[in-house]
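Taking it in order: structure first as structure tokens, then the write-up.
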Amino acid sequence: MEENFFSLDDILLSHERLPCRTESAFPRLGFLEKSSDSRDIPEGTKMEMPLWLAKGLYEKKRRVLSMELPKVYREGWRTVFGADPAVVDLQKMGPYYYGLGSQMLHFDSPENPEIANTILQTFIGRFRRTMDSSQNAYNEDTSALVERLDCLERSLFKSGQSGLNSFQLWEKGRSSHLTASSLVINYRKRKITDLQA
């Protein structure tokens, strides 16, 4: 997944903290490690960094950082997701389970194929239920359904609800009114102001 710098969700995702270990000393960066009063960060220090900083410092050739998997992507949780992904509350695991998981694949790890497969199978296993819920919950309180969903699943749920509402309006004959596109309206406004000038 490529980052979209204009998306609030991508900005929040880039600030998710990842566990890592320093493979070399970081001079004069001791302020990043809150548990230490040292001016420098020594080699071998375990700490958490935001995703954007970890991606910037991580290099395959020069081993500056080594990344550790967040617990939700480790073997124990992959087993849980493999058994029944629908029962897991992804919001508690972190609101960006799919996004952070796909970003974790940028770091070298022997477990990357298993992580990618688990993310894919989790999405597949939860997609049908999410979309069924969005289509069958017309004019109902959906807060209990939505509170367990990841950010990506929430946007899919909202899209499903929007599609259902549009379909209901169409069925009732309320959507047959043609309206001008916002681009056409803006173009007309611009053309009028150009003529007046």
Peptides 158-165, 16-23 ordered by average Cβ neighbours within 10 Å, highest first:
16-23, 158-165
Give me D for segment 1-51 in µm² s⁻¹, whole number, from Stokes-Einstein with Rh from the Kirkwood sum over alpha-carbon pairs, 10 °C and 1.306 mPa s.
129 µm²/s
For the chain, accessible area per residue (1.4 Å probe, heavy atoms of protein chains only), Å²:
68 Å²
Please give, to one decimal in nm, the separation of the simple spin-label points placed at Leu105 and Glu23, each 7 Å out from Cα toward the Cβ.
2.2 nm
Relative contact order [Cα under 8 Å, 6+ residues apart], segment 1-140, whole percent
22 percent
For a label point 7 Å along the Cα-to-beta-carbon line of Asn112, residues of segment 13-42 with backbone N under 20 Å
14, 18-23
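Any chance you could run the full-extension gain for Ala144 through Phe5? It's 0.36 nm times the residue separation minus the Cα-Cα distance, nm to one decimal. The partial results should precede the final answer.
Working: separation 139, 0.36 × 139 = 50.04 nm, distance 3.08 nm.
Working it through step by step, the gained length comes to 47.0 nm.
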How many angstrom lie between the C-alpha centres of segment 35-55 and segment 3-27?
12 Å
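How large, in percent, is the carbon and sulfur part of the accessible surface of the chain at a probe radius of 1.4 Å?
Details: 7410 of 13350 Å².
Ligands and nucleic acids excluded, carbon and sulfur reach 56 percent.
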So how far, in whole Å, is the C-alpha centre of segment 57-84 from the one of segment 125-157?
28 Å
Charge dipole (the chain, unit charges on Cβ, about Cα centre) - positive-most of Tyr187, Pro42, Leu29:
Tyr187
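If you put +1 on each Lys and Arg Cβ and -1 on each Asp and Glu Cβ, how big is the dipole of the chain around its Cα centre, in Debye rounded to 20? Walk me through the intermediate numbers first.
Values: 27 positive and 27 negative charges, 134 e Å.
It comes to approximately 640 debye.
The values are calculated or read from the model by the stated rules, or taken from the named source; none is laboratory data. Not measured: the values here are computed from a predicted model. Note that we place each Cβ from the backbone using ideal geometry, even for glycine, and neighbour counts take in every protein chain shown. Just the protein is used for accessible areas: all its heavy atoms, side chains included, with ligands, DNA and RNA removed. Shrake-Rupley method; radii C 1.70, N 1.55, O 1.52, S 1.80 Å.
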